[in-house]
Structure formats: structure tokens, C-alpha cells
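A.B. asks: A single structure is presented below for examination.
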Amino acid sequence: METISTIAVCGAGTMGSGIAQLCAQKGIDTILFDVNETILQNSRRRIWMNLDSLQQKGKIAGAELAAIQKRLHFTHQLSDCVAPVMIEAIIEQKEVKATLLNQVLTINQYQTILASNTSSISINALAAAVSHPQCLAGLHFFNPATIMQLVEVIKGEQTAPEVITTLLALSKQLGKTPVVCNDAPGFIVNRVARPYYLEALRLVEQGLATVEQVDAVMEASGFKMGPFKLMDLIGIDINYSVSCIVWEALGKPPRLTPSALQQQKVEVKQLGKKSGTGFYQYQ
Ligand SMILES: NC(=O)c1ccc[n+]([C@@H]2O[C@H](COP(=O)([O-])OP(=O)(O)OC[C@H]3O[C@@H](n4cnc5c(N)ncnc54)[C@H](O)[C@@H]3O)[C@@H](O)[C@H]2O)c1
């Protein structure tokens, strides 16, 4: 199978930026699109800082850094997203994603693979709102995308087999370990991890432990990050949306009821690292 030489990434937030940086580091010409000009500029600044830091640590040479930068194209014009594969990493809302996917299909004359980085939206439900559902699959990276090894590849009922073959090959081209998953609520990782966040939130809501205590205990017991630090890294809004979507998709089981504390954080825009405040302060 031929390697992928051009990719479009839609959404330049936490995940889109990381995925675009990864693609460019792996030699792929990468078009990074966002509707928000400021977010696009911040993304560029963050990627440049990450690359500088890699160079200072001796992980990439000077010439390589310039080549990676040259492979990254930042745009707020969706019409620039012409590529054989488009990775979608925009907000976790089905209708917004479906609109974008349909536009990208049209721009590419229906000759592109649509890989959604959704954490929790059903690929079959998304496919039902897309004009060419055979082009769509899930390609779920983890945060930070440049570092985390796992990629969940989600096959929808209508996904063409060659789409999965290409996405598995692409994941390997990106140095990742892909695992094909069924289209079940939260796929595998987000389903298994839900109680990790929800039980931690409940302990704090009920005054039985502090945020710091929970994180310290979980980290001392072997977890790389406590649940609150992890929610801050993921983005509290994204994590809350995932909780709501998984809870609803499973028929609203009480054990997975989304947390009021988390909802309040979203309402006051304390979203974690990306907003400067979450369960911890970052500025
Ligand atoms: N944050 C995580 O840890 C994580 C991990 C895995 C998967 N995901 C998934 O990745 C996706 C993005 O999450 P994120 O954390 O990067 O979110 P984010 O809030 O950091 O970024 C979302 C970006 O989408 C942009 N956007 C919104 N509507 C758009 C549109 N119509 N066209 C183009 N851009 C648009 C916003 O301007 C923003 O820059 C979500 O589906 C999320 O579930 C997130």
C-alpha cells in the first residue's frame, strides 16, 4: 500500500494541533484548518514551541525542524482541505461534525477518507448524516497525540473495508499502535475510563476528599495522572460532553450520571489547561 503524503486536519485545538504536528514530523504534508483565526495562530505558536523544544533536546536536527515547519500549512479556508485523508478534530457535537464532513466530501469530489477523532459520538450515527458514509470511520488518537501510542480505529456498519485498511496503514506510518474497535458508546478506552473520572468527582462533590488528595493517591498507586489533572489536560468541556454522550447512549444508567461539579466548571469556562484554569491554575 502507498504511504499517505498529504493530510488535512480540521480543528486546531488540543487534538488537531497534536495530530498535525505528528503528521508533519512523520513526513506528511499537513493542512491544518480551523474556523477561529486566533486558535489557528495559537496552534502554530504551540507547535513551533514544541518543535523548538525537541530541537533543544537533540531529538530533531535544525534542517529537519525547518522541513517539518515547511510541511505544515495553516488555513482558515475549508476549501484548502484537499487531501486523500481528512482527520476531523473539531468540537464534540454531531451536527457540527456532520456539516463539516459533508463540506469536505464536496470539496474533494467524494474522493477522500473521513477519519473522525470523536471520543464518543457513534460512527454509525455520524454516518447517517453524511452523504457518502462508506468514506467515514473513527480514528481516535489520545492526548498528547504526539506521544500516546494507542489509536482506536472504529469501523461503522457502512465503512468500506479499504478505508479501514488505509487507516491502519496510516496509523503505523505515524508510529502508532492501532486497535480496531466496534462502534459501541465510548468505544473501549472512554467506556472503561468513565468511572475513573466520575467516582473521583463524586468523592469531591460529597466532601470526602480534595482534588489534590485524589490525584496524589491515584498517582502514588501507579496511575500516570490523577483524574483531575487528566481532566484538565483533556479539556473539562470535552470530558463532560463525552460523559453525557456515553451516559445517554447507554440508557442513562445512574452509575454514569454526569457530574454537576464538572458541568459548573464548563458553565464558568474553567476548562482546564487550555483556558488557564480548571481544577488547577495554569497561569
Ligand atoms: N481533548 C482530548 O483529550 C481528546 C482526546 C481524544 C479525542 N478528542 C476529540 O477530539 C475532538 C477535538 O477535541 P479537542 O480537545 O481538540 O477540542 P478543542 O476544544 O481543543 O478544539 C476544538 C477546535 O474545533 C474548532 N472548531 C469548532 N467548530 C469548527 C468547525 N466547524 N470547523 C473547524 N473547526 C471548528 C474550534 O475552533 C477549536 O479550535 C473532539 O471530538 C474530542 O472528543 C479529544
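The values are calculated or read from the model by the stated rules, or taken from the named source; none is laboratory data. Keep in mind that this is a model prediction, so the values were computed, not measured. Ideal geometry is used to build each Cβ from the backbone, glycine not excepted, and the neighbour counts take in all protein chains shown. Remember, those area values only see protein heavy atoms, side chains included, never the ligands or the DNA or RNA. Shrake-Rupley method; radii C 1.70, N 1.55, O 1.52, S 1.80 Å.
A quick yes/no check of all residues on (1) touching an Asp or Glu at 6+ places or on another chain (Cβ under 8 Å); (2) in the same structural domain as residue 238 (by TED's automatic domain parsing); (3) under 19 Å from residue 143 (Cα atoms):
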| position | (1), (2), (3) |
| --- | --- |
| 14 | no, no, yes |
| 31 | yes, no, no |
| 37 | no, no, no |
| 50 | no, no, yes |
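A.B. asks: Can you pull out the strands (runs of 3 or more DSSP E) entirely within region 95-205 that have at least 1 residues that are of a type in the set (Gly, Ala, Ser)?
C.D. replies: Values: elements: 113-116, 136-141, 150-154, 177-181.
So the answer is 113-116, 136-141.
A.B. asks: When you look at residue 272, is it without any contact (Cβ under 8 Å) to a residue 60 or more places away in the chain and either touching a Phe, Trp or Tyr at 6+ places or on another chain (Cβ under 7 Å) or surrounded by fewer than 23 Cβ atoms within 10 Å (Cβ to Cβ) (or both), yes or no? Show your work before the answer.
C.D. replies: Values: without any contact (Cβ under 8 Å) to a residue 60 or more places away in the chain: yes; either touching a Phe, Trp or Tyr at 6+ places or on another chain (Cβ under 7 Å) or surrounded by fewer than 23 Cβ atoms within 10 Å (Cβ to Cβ) (or both): no.
The answer is no for residue 272.
A.B. asks: Tell me, please, whether a residue that is farther than 28 Å from residue 218 by Cα and open to solvent by less than 10 Å² (accessible area, probe 1.4 Å) can be found in region 183-193.
C.D. replies: Filtering region 183-193 for residues farther than 28 Å from residue 218 by Cα gives 183.
Those still in the list that are open to solvent by less than 10 Å² (accessible area, probe 1.4 Å) too: none.
Within region 183-193, not a single residue is farther than 28 Å from residue 218 by Cα and open to solvent by less than 10 Å² (accessible area, probe 1.4 Å).
A.B. asks: Right, another one. For region 126-138, indicate whether the set of residues that are free of Cβ contacts under 8 Å to residues at least 12 places away in the same chain and either near the ligand (Cβ under 8 Å from one of its atoms) or assigned by TED's automatic domain parsing to the domain that holds residue 10 (or both) is non-empty.
C.D. replies: Initial filter on region 126-138 (free of Cβ contacts under 8 Å to residues at least 12 places away in the same chain): 128.
Narrowing further to those that are either near the ligand (Cβ under 8 Å from one of its atoms) or assigned by TED's automatic domain parsing to the domain that holds residue 10 (or both): 128.
Checking region 126-138: at least one residue is free of Cβ contacts under 8 Å to residues at least 12 places away in the same chain and either near the ligand (Cβ under 8 Å from one of its atoms) or assigned by TED's automatic domain parsing to the domain that holds residue 10 (or both).
A.B. asks: Of everything in region 154-172, what is surrounded by 23 or more Cβ atoms within 10 Å (Cβ to Cβ) and under 19 Å from the mean Cα position of the chain (by Cα)? Give them in sequence order.
C.D. replies: Going through region 154-172, the residues surrounded by 23 or more Cβ atoms within 10 Å (Cβ to Cβ) turn out to be 154, 156, 159, 167, 170.
Matches in region 154-172: 154, 156, 167, 170.
A.B. asks: Determine which single condition residue 128 fails, assuming it passes every other condition in (1) more than 30 Å from residue 104 (Cβ to Cβ); (2) surrounded by fewer than 17 Cβ atoms within 10 Å (Cβ to Cβ).
C.D. replies: (1)
A.B. asks: Taking residue 226 as the residue in question, decide whether it is touching a residue at least 40 places away in the same chain (Cβ under 8 Å) and either surrounded by 17 or more Cβ atoms within 10 Å (Cβ to Cβ) or under 15 Å from residue 197 (Cβ atoms) (or both).
C.D. replies: On the way: touching a residue at least 40 places away in the same chain (Cβ under 8 Å): no; either surrounded by 17 or more Cβ atoms within 10 Å (Cβ to Cβ) or under 15 Å from residue 197 (Cβ atoms) (or both): yes.
So residue 226 does not fit the description; no.
One line per residue, one yes/no per condition, for (1) of a type outside the set (Gly, Ala, Ser); (2) under 27 Å from residue 134 (Cα atoms):
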site: 183; (1), (2): yes, yes
site: 222; (1), (2): no, no
site: 233; (1), (2): yes, no
site: 250; (1), (2): yes, yes
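A.B. asks: Using beta carbons and a limit of 9 Å, which pairs, at least six apart or on different chains, have the first residue in region 81-107 and over 18 Å from residue 170 (Cβ atoms) and open to solvent by less than 10 Å² (accessible area, probe 1.4 Å) and the second one near the ligand (Cβ under 10 Å from one of its atoms) and assigned to a loop (DSSP other than H, G, I, E, B)?
C.D. replies: 97/90; 97/91; 97/118; 97/121
Residues checked against (1) touching a strand residue (DSSP E or B) at 6+ places or on another chain (Cβ under 7 Å); (2) more than 23 Å from residue 231 (Cβ to Cβ); (3) modelled with pLDDT under 95:
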site	(1), (2), (3)
136	yes, yes, no
141	yes, no, no
146	no, no, no
149	yes, no, no
155	yes, yes, no
167	yes, yes, no
179	yes, yes, no
183	yes, yes, no
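A.B. asks: Just wondering, is there one or more residues in region 72-87 that are near the ligand (Cβ under 9 Å from one of its atoms) and in a helix (DSSP H, G or I)? So that I can check it myself, show each step before the final result.
C.D. replies: Going through region 72-87, the residues near the ligand (Cβ under 9 Å from one of its atoms) turn out to be 76, 78.
Still in the list and also in a helix (DSSP H, G or I): 78.
Scanning region 72-87 turns up at least one residue that is near the ligand (Cβ under 9 Å from one of its atoms) and in a helix (DSSP H, G or I).
A.B. asks: Going through region 1-33 one residue at a time, which ones are surrounded by fewer than 24 Cβ atoms within 10 Å (Cβ to Cβ) and within 6 Å of the ligand (Cβ to nearest atom)?
C.D. replies: 13, 14
One line per residue, one yes/no per condition, for (1) among the β-branched types (Val, Ile, Thr); (2) exposed (fewer than 13 other Cβ atoms within 10 Å of the Cβ); (3) closer than 29 Å to residue 139 by Cα:
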position: 234; (1), (2), (3): yes, no, yes
position: 250; (1), (2), (3): no, no, yes
position: 256; (1), (2), (3): no, no, yes
position: 265; (1), (2), (3): no, no, yes
position: 280; (1), (2), (3): no, no, no
